[in-house]
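Structure, as C-alpha coordinates:
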Amino acid sequence: MGILKLILLSAFASVAYQDLKDRSVYWFLFPAIGICVGILFFQETSAALFLEAILLNLVFIGLLLGVIFLYATYKLKMKLSDTIGLGDGLLFVALAFGFAQLTFMIVFVFGLVGSLLLHLVLKKSKSESVPLAGYMSVFFAFVYAAHWMGFLTPAYTL
(Lines give C-alpha, C1' and ligand atoms only; values in the text may rest on other atoms or scores of the structure.)
Protein backbone atom coordinates (compact mmCIF):
# COMPACT_ATOMS: atom_id res chain seq x y z
CA MET A 1 0.00 0.00 0.00
CA GLY A 2 2.97 2.30 0.44
CA ILE A 3 3.43 2.44 -3.34
CA LEU A 4 -0.25 3.29 -3.84
CA LYS A 5 -0.03 6.12 -1.30
CA LEU A 6 3.11 7.44 -2.98
CA ILE A 7 1.39 7.35 -6.39
CA LEU A 8 -1.60 9.21 -4.94
CA LEU A 9 0.52 11.93 -3.32
CA SER A 10 2.56 12.26 -6.53
CA ALA A 11 -0.61 12.62 -8.59
CA PHE A 12 -1.95 15.28 -6.22
CA ALA A 13 1.38 17.13 -6.39
CA SER A 14 1.41 16.93 -10.19
CA VAL A 15 -2.15 18.28 -10.46
CA ALA A 16 -1.30 21.11 -8.08
CA TYR A 17 1.91 22.03 -9.89
CA GLN A 18 0.41 21.90 -13.37
CA ASP A 19 -2.77 23.76 -12.45
CA LEU A 20 -0.96 26.50 -10.56
CA LYS A 21 1.68 26.89 -13.27
CA ASP A 22 -0.18 26.40 -16.56
CA ARG A 23 -3.89 26.06 -15.69
CA SER A 24 -3.92 22.77 -17.58
CA VAL A 25 -3.45 19.28 -16.18
CA TYR A 26 -2.67 15.95 -17.85
CA TRP A 27 -5.94 14.04 -18.11
CA PHE A 28 -4.53 10.69 -16.93
CA LEU A 29 -3.88 12.08 -13.45
CA PHE A 30 -7.61 12.19 -12.67
CA PRO A 31 -8.27 8.47 -13.28
CA ALA A 32 -5.06 7.71 -11.37
CA ILE A 33 -6.37 9.68 -8.38
CA GLY A 34 -9.79 8.06 -8.65
CA ILE A 35 -8.33 4.55 -8.78
CA CYS A 36 -5.93 5.17 -5.90
CA VAL A 37 -8.51 6.72 -3.57
CA GLY A 38 -11.04 4.07 -4.59
CA ILE A 39 -8.70 1.19 -3.75
CA LEU A 40 -7.76 2.77 -0.43
CA PHE A 41 -11.43 3.29 0.47
CA PHE A 42 -12.50 -0.17 -0.74
CA GLN A 43 -9.94 -1.82 1.53
CA GLU A 44 -11.49 -0.12 4.56
CA THR A 45 -15.17 -0.88 3.94
CA SER A 46 -17.57 -3.49 2.57
CA ALA A 47 -18.41 -3.68 -1.12
CA ALA A 48 -22.04 -2.64 -0.57
CA LEU A 49 -21.12 0.40 1.51
CA PHE A 50 -18.38 1.28 -0.95
CA LEU A 51 -20.80 1.33 -3.88
CA GLU A 52 -23.44 3.22 -1.91
CA ALA A 53 -20.92 5.86 -0.84
CA ILE A 54 -19.63 6.34 -4.38
CA LEU A 55 -23.14 6.66 -5.76
CA LEU A 56 -24.16 9.24 -3.15
CA ASN A 57 -20.89 11.15 -3.57
CA LEU A 58 -21.42 11.29 -7.34
CA VAL A 59 -24.98 12.51 -6.80
CA PHE A 60 -23.60 15.23 -4.51
CA ILE A 61 -21.06 16.26 -7.18
CA GLY A 62 -23.78 16.19 -9.83
CA LEU A 63 -26.01 18.44 -7.75
CA LEU A 64 -23.12 20.81 -7.10
CA LEU A 65 -22.26 21.02 -10.79
CA GLY A 66 -25.96 21.45 -11.60
CA VAL A 67 -26.21 24.42 -9.25
CA ILE A 68 -23.03 25.90 -10.77
CA PHE A 69 -24.51 25.39 -14.25
CA LEU A 70 -27.77 27.11 -13.33
CA TYR A 71 -25.98 29.99 -11.60
CA ALA A 72 -23.57 30.45 -14.51
CA THR A 73 -26.31 30.28 -17.12
CA TYR A 74 -29.01 32.42 -15.54
CA LYS A 75 -27.21 34.75 -13.15
CA LEU A 76 -23.78 35.24 -14.73
CA LYS A 77 -24.96 34.71 -18.35
CA MET A 78 -21.89 32.53 -19.01
CA LYS A 79 -21.26 29.03 -20.25
CA LEU A 80 -20.38 26.39 -17.66
CA SER A 81 -16.95 25.94 -19.27
CA ASP A 82 -16.21 29.62 -18.61
CA THR A 83 -17.16 29.22 -14.95
CA ILE A 84 -15.46 25.98 -13.90
CA GLY A 85 -12.71 24.10 -15.66
CA LEU A 86 -12.92 20.55 -16.94
CA GLY A 87 -10.05 19.56 -14.66
CA ASP A 88 -11.94 20.83 -11.64
CA GLY A 89 -14.94 18.67 -12.48
CA LEU A 90 -12.78 15.64 -13.21
CA LEU A 91 -11.00 16.03 -9.88
CA PHE A 92 -14.36 16.28 -8.10
CA VAL A 93 -15.48 13.01 -9.71
CA ALA A 94 -12.18 11.28 -8.92
CA LEU A 95 -12.38 12.34 -5.27
CA ALA A 96 -15.92 10.96 -5.00
CA PHE A 97 -14.41 7.46 -4.95
CA GLY A 98 -12.39 8.10 -1.82
CA PHE A 99 -14.59 8.65 1.21
CA ALA A 100 -17.79 7.74 3.00
CA GLN A 101 -20.68 10.10 2.21
CA LEU A 102 -20.68 12.41 5.22
CA THR A 103 -16.90 12.54 5.40
CA PHE A 104 -16.73 13.37 1.70
CA MET A 105 -19.23 16.20 1.97
CA ILE A 106 -17.50 17.73 5.00
CA VAL A 107 -13.97 17.43 3.62
CA PHE A 108 -15.06 18.59 0.17
CA VAL A 109 -16.77 21.72 1.48
CA PHE A 110 -13.79 22.53 3.69
CA GLY A 111 -11.58 22.06 0.62
CA LEU A 112 -13.69 24.51 -1.38
CA VAL A 113 -13.71 27.11 1.40
CA GLY A 114 -9.99 26.63 2.00
CA SER A 115 -9.31 27.03 -1.73
CA LEU A 116 -11.27 30.26 -1.80
CA LEU A 117 -9.43 31.66 1.22
CA LEU A 118 -6.05 30.59 -0.15
CA HIS A 119 -6.81 32.18 -3.49
CA LEU A 120 -7.92 35.43 -1.88
CA VAL A 121 -4.62 35.58 0.01
CA LEU A 122 -2.42 34.61 -2.96
CA LYS A 123 -4.17 36.24 -5.92
CA LYS A 124 -2.31 38.77 -8.01
CA SER A 125 -5.22 40.47 -9.77
CA LYS A 126 -8.98 40.60 -9.46
CA SER A 127 -9.67 38.95 -12.83
CA GLU A 128 -7.38 35.98 -12.26
CA SER A 129 -9.12 32.60 -12.42
CA VAL A 130 -8.94 30.19 -9.49
CA PRO A 131 -6.74 27.10 -9.93
CA LEU A 132 -9.31 25.08 -8.01
CA ALA A 133 -8.02 21.61 -8.94
CA GLY A 134 -4.56 22.64 -7.78
CA TYR A 135 -5.72 24.03 -4.46
CA MET A 136 -8.04 21.07 -3.85
CA SER A 137 -5.21 18.64 -4.65
CA VAL A 138 -3.00 20.25 -2.03
CA PHE A 139 -5.83 20.17 0.49
CA PHE A 140 -6.68 16.51 -0.15
CA ALA A 141 -3.01 15.51 -0.07
CA PHE A 142 -2.88 16.97 3.45
CA VAL A 143 -6.15 15.24 4.39
CA TYR A 144 -4.84 11.85 3.27
CA ALA A 145 -1.45 12.39 4.91
CA ALA A 146 -3.17 13.38 8.16
CA HIS A 147 -5.33 10.26 7.97
CA TRP A 148 -2.34 8.00 7.36
CA MET A 149 -0.51 9.55 10.31
CA GLY A 150 -3.50 8.93 12.58
CA PHE A 151 -4.79 12.47 12.97
CA LEU A 152 -8.05 11.84 11.05
CA THR A 153 -9.24 8.40 12.02
CA PRO A 154 -12.88 8.38 10.85
CA ALA A 155 -12.14 9.21 7.20
CA TYR A 156 -13.76 6.04 5.86
CA THR A 157 -16.43 5.43 8.47
CA LEU A 158 -18.74 8.48 8.65
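The values are calculated or read from the model by the stated rules, or taken from the named source; none is laboratory data. Remember, it's a predicted structure, so these values are computed and weren't measured experimentally. When the accessible area is computed, the model is the full protein with side chains, heavy atoms only, and any ligands, DNA or RNA have been set aside. Shrake-Rupley method; radii C 1.70, N 1.55, O 1.52, S 1.80 Å.
For the chain, with all protein chains present and a 1.4 Å probe, just round the carbon and sulfur fraction of the accessible area to a whole percent.
Details: 6750 of 9100 Å².
C and S atoms contribute 74 percent here.
Sum -39500 (n - 2.57) across every DSSP H segment of at least 4 residues in the chain, then divide by the residue count to get the 222 nm mean residue ellipticity, nearest 500.
Numbers: 7 runs with 112 residues, N = 158.
Mean residue ellipticity at 222 nm (helix-derived): -23500 deg cm²/dmol.
For a quick check, take a GNM of the chain with Cα springs below 10 Å and name the residue from MET136, MET78, MET105 with the largest mean-square fluctuation.
In the Gaussian network model the winner is MET78.
Working from Cα positions, state the angle (0 to 90°, nearest 10) between the long axis of helix 132-148 and the longest principal axis of the chain.
The angle comes out at about 20 degrees.
What per residue convex hull volume, in Å³, comes out for the stretch 1-130 when only alpha-carbon positions are used?
Working: hull volume 14.5 nm³, N = 130.
Looking at the stretch 1-130, the number lands at 112 Å³ per residue.
For Cα pairs less than 8 Å apart in space and 6+ apart in sequence, what is the mean separation divided by the residue count of the chain, i.e. the relative contact order in percent? Display every interim value, and only then the final one.
Working: 147 pairs, mean separation 54.1, N = 158.
Averaging sequence separation for qualifying contacts and normalising by length gives 34 percent for the chain.
For LYS124, go through the lysines and keep the ones whose alpha-carbon is under 28 Å away, minus same-chain ones fewer than eight residues off.
Of all the lysines, those that pass the test against LYS124 - Cα under 28 Å, at least 8 places apart if same chain - are LYS21, LYS75, LYS77, LYS79.
Taking the chain as a Gaussian network, where each spring joins two C-alpha atoms under 10 Å apart, which residue of LEU64, LEU20, LEU102 fluctuates the most?
Fluctuation is largest for LEU64.
Taking 0.36 nm per intervening residue step and subtracting the Cα-Cα distance, what contour gain separates ARG23 from LEU122 on full extension? Don't skip to the answer; put the middle values down first.
Values: separation 99, 0.36 × 99 = 35.64 nm, distance 1.54 nm.
Here the answer is 34.1 nm.
Have a look at ILE35, ILE54, ILE68 and tell me which one the Gaussian network model of the chain (Cα, springs below 10 Å) gives the largest fluctuation.
Its mean-square fluctuation being the largest, the pick is ILE68.
Pairing the Cα long axis of helix 29-42 with the longest principal axis of the chain, what angle in degrees results, from 0 to 90 and rounded to the nearest 10?
Long axis of 29-42 versus the principal axis of the chain: about 30 degrees.
Which whole-number value in Å² is the accessible area per residue of the chain, probe 1.4 Å?
Numbers: 9100 Å² over 158 residues.
Counting only protein heavy atoms, the per-residue value for the chain is 58 Å².
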